[in-house]
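Q: Once you've had a glance at the structure underneath, I'll fire off some questions.
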Amino acid sequence: MPFIAFVSHDESLTGAPMILSAVADYFFSDLRWDGVVISKAKGSAHTRFARRFSVWYPDDEAAFRELPVYEKALEFLRKFSPDLVYVNSIDCSDYVLAARHLGIPALWHLHELPSEFDRWEFDHRLMPGEAEEALASADRLIVPADEVRDCLISRYGVRASKITIIPEFVDIASLREAVSQASSTAAVPWTEVIGCGNASIRKGFDIFLQVAARLSDYRFSWVGELHKFHLNFQVPDNVRLIGEVQNAHAYLSRAEVFLLTSREDPFPVVALEAMALGKPVIAWRYGGGIHRAIGTGGVALEDPGPDAFAGAIRHLLVDADARIRAGRAGQKRVERYYSDSRCLPRIRHAVETLLGP
């Protein structure tokens, strides 16, 4: 029975940890697989992780707590002796290097674009060549979009043949069940426009507020962690800041349009969730790979300015037929191309290929 060590940088309710959770669930629900989840930090999805998996936290282990991050990774992989290490996100590079040192196959699932690679190099104090070494240490890289692949090739010289593109995905049945369970909750407000994510520069929270100020006759809601960053801006009266919630899907279902103002976002899962719920998505075409998913299920703008976003929103809110058509088209696209039943078997194939016969 193959044993996989899944490594996550944290247990937040954001896209990458939720993708890892879905992948681990998929393997562990099949009795032919066994494994463990190693999380470098606890977070808002801790209860969900702890309920589903055997989760280990390196910083909670007294014997390993004071070790440098790379040594800690080595000790944990020695502890479990997995057949494969499934590393999620750029912040877990120490486990890729440790796996290479121990001769364990490593699959690295990356969900980042240039600004996050910049942060990774800075936070880890990487010297010239160390980022390339880490990426070269992975036996296979999975990325959600061409933009991520192209960044790896142009910036770090990664061979294209080493990269597999598998888009992010959603569990449509669970999503609709979560919405159904929360549908009677009066506390969830109805809104014309909704945005979701950490209130950060990268997610374009400031752009979201500027768009709302231009459309004062409509209601806007933002769901997600509110960093101190948001205090630097005047929040228009027509914007409701929800904060982080366990069931963001209930809020998505109570909106007319999903607004993705990200300056950079490889392939945001929440946009796919909005589409699965029949909500048109408006985004900037060049912010990442989501424009490929949108198709006729919304609008992918050439111009990321607030005026362009406001114009696209107003058009969809005024023209109900266009809004409904876009919502239905988005639903069909998610069902056809971005469901867990379509994407998870491709991830399993990548794992099985590394493990060999």
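The values are calculated or read from the model by the stated rules, or taken from the named source; none is laboratory data. The structure displayed is predicted, hence computed values, not measured ones. For neighbour counting, all protein chains shown are included, and Cβ atoms are generated from backbone atoms with ideal geometry for every residue, glycine included.
Okay, residues lined up against (1) surrounded by 24 or more Cβ atoms within 10 Å (Cβ to Cβ); (2) in contact (Cβ under 8 Å) with a residue 60 or more places away in the chain; (3) not assigned by TED's automatic domain parsing to the domain that holds Glu121:
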residue: Glu11; (1), (2), (3): yes, no, no
residue: Ser44; (1), (2), (3): no, yes, no
residue: Ala50; (1), (2), (3): no, no, no
residue: Phe53; (1), (2), (3): no, no, no
residue: Asp59; (1), (2), (3): no, no, no
residue: Asp83; (1), (2), (3): no, yes, no
residue: Leu102; (1), (2), (3): no, no, no
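Q: Can you give me the number of residues within the stretch 296-336 that are surrounded by fewer than 16 Cβ atoms within 10 Å (Cβ to Cβ) and not charged (D, E, K, R)?
A: The qualifying residues number 7.
Q: Okay, moving on. Evaluate the following for Ala145: is it out of contact with any strand residue (DSSP E or B) (no Cβ under 6 Å at 6 or more places or on another chain), among the small types (Gly, Ala, Ser) and surrounded by fewer than 22 Cβ atoms within 10 Å (Cβ to Cβ)?
A: Numbers: out of contact with any strand residue (DSSP E or B) (no Cβ under 6 Å at 6 or more places or on another chain): yes; among the small types (Gly, Ala, Ser): yes; surrounded by fewer than 22 Cβ atoms within 10 Å (Cβ to Cβ): no.
No: the conditions fail for Ala145.
Q: Which one of these does Val143 not meet: (1) in contact with a helix residue (DSSP H, G or I) (Cβ under 6 Å, 6 or more places away or on another chain); (2) outside the structural domain of Ala271 (by TED's automatic domain parsing); (3) more than 21 Å from Ala22 (Cα to Cα)?
A: (3)
Q: List every residue pair whose Cβ atoms lie under 6 Å apart, where the two residues are 6 or more positions apart in sequence or sit on different chains, the first residue falls within the stretch 269-291 and is among the aromatic types (Phe, Trp, Tyr), and the second residue, located anywhere, is surrounded by fewer than 24 Cβ atoms within 10 Å (Cβ to Cβ).
A: Trp284/Leu301; Trp284/Pro304
Q: Go through (1) part of a helix (DSSP H, G or I); (2) aliphatic (A, V, I, L, M); (3) touching a residue at least 24 places away in the same chain (Cβ under 8 Å) one by one and return the number of the condition Val7 breaks.
A: Status for Val7: all satisfied but (1).
Q: Can I ask one more? In this structure, is Ala22 over 20 Å from Pro58 (Cβ atoms), surrounded by fewer than 23 Cβ atoms within 10 Å (Cβ to Cβ) and touching a residue at least 12 places away in the same chain (Cβ under 8 Å)?
A: Details: over 20 Å from Pro58 (Cβ atoms): yes; surrounded by fewer than 23 Cβ atoms within 10 Å (Cβ to Cβ): yes; touching a residue at least 12 places away in the same chain (Cβ under 8 Å): yes.
Taking the combined requirement at face value, the residue satisfies it.
Q: If I go through the stretch 203-232 residue by residue, how many of them are more than 19 Å from the chain's Cα centre (by Cα) and loosely packed, with under 15 Cβ neighbours inside 10 Å? Can you show your working first?
A: Applying the first criterion (more than 19 Å from the chain's Cα centre (by Cα)) to the stretch 203-232 yields 206-221, 228-232.
Right, trim to loosely packed, with under 15 Cβ neighbours inside 10 Å and you get 216-217, 228-229, 231-232.
Adding up the residues that qualify gives 6.
Q: Any idea which of (1) crowded, with 20+ Cβ neighbours inside 10 Å; (2) without any contact (Cβ under 8 Å) to a residue 12 or more places away in the chain is the one Val193 doesn't satisfy?
A: (2)
Q: Working carefully through the options Arg155, Arg125, Arg65, Arg119, find the one that is surrounded by fewer than 22 Cβ atoms within 10 Å (Cβ to Cβ) and farther than 18 Å from His9 by Cβ.
A: Working: Arg125 fails: farther than 18 Å from His9 by Cβ; Arg65 fails: farther than 18 Å from His9 by Cβ; Arg119 fails: farther than 18 Å from His9 by Cβ.
Criteria check complete, one pass: Arg155.
Q: How many residues are closer than 24 Å to Pro82 by Cβ, modelled with pLDDT of 95 or more and not acidic (Asp, Glu) when one looks only at the stretch 98-138?
A: Qualifying residue count, the stretch 98-138: 20.
Q: Restricting to helices (runs of 4 or more DSSP H) lying wholly in the stretch 247-342: which have 3 or more residues that are within 25 Å of Ser44 (Cβ to Cβ), at pLDDT 95 or above and assigned by TED's automatic domain parsing to the domain that holds Ala187? Steps first, answer last, please.
A: On the way: elements: 248-253, 269-276, 290-294, 306-318, 320-337.
In the stretch 247-342, the matching helices (runs of 4 or more DSSP H) lie at 269-276.
Q: Among the residues of the stretch 210-246, how many are in contact with a helix residue (DSSP H, G or I) (Cβ under 6 Å, 6 or more places away or on another chain) and assigned to a strand (DSSP E or B)?
A: Of the residues in the stretch 210-246, 3 are in contact with a helix residue (DSSP H, G or I) (Cβ under 6 Å, 6 or more places away or on another chain) and assigned to a strand (DSSP E or B).
Q: Right, next: Please go through (1) closer than 18 Å to Ala350 by Cβ; (2) of a type in the set (Asp, Glu); (3) not in a helix (DSSP H, G or I) for Glu66 and return the number of the only condition it doesn't satisfy.
A: (1) is the only condition that Glu66 fails.
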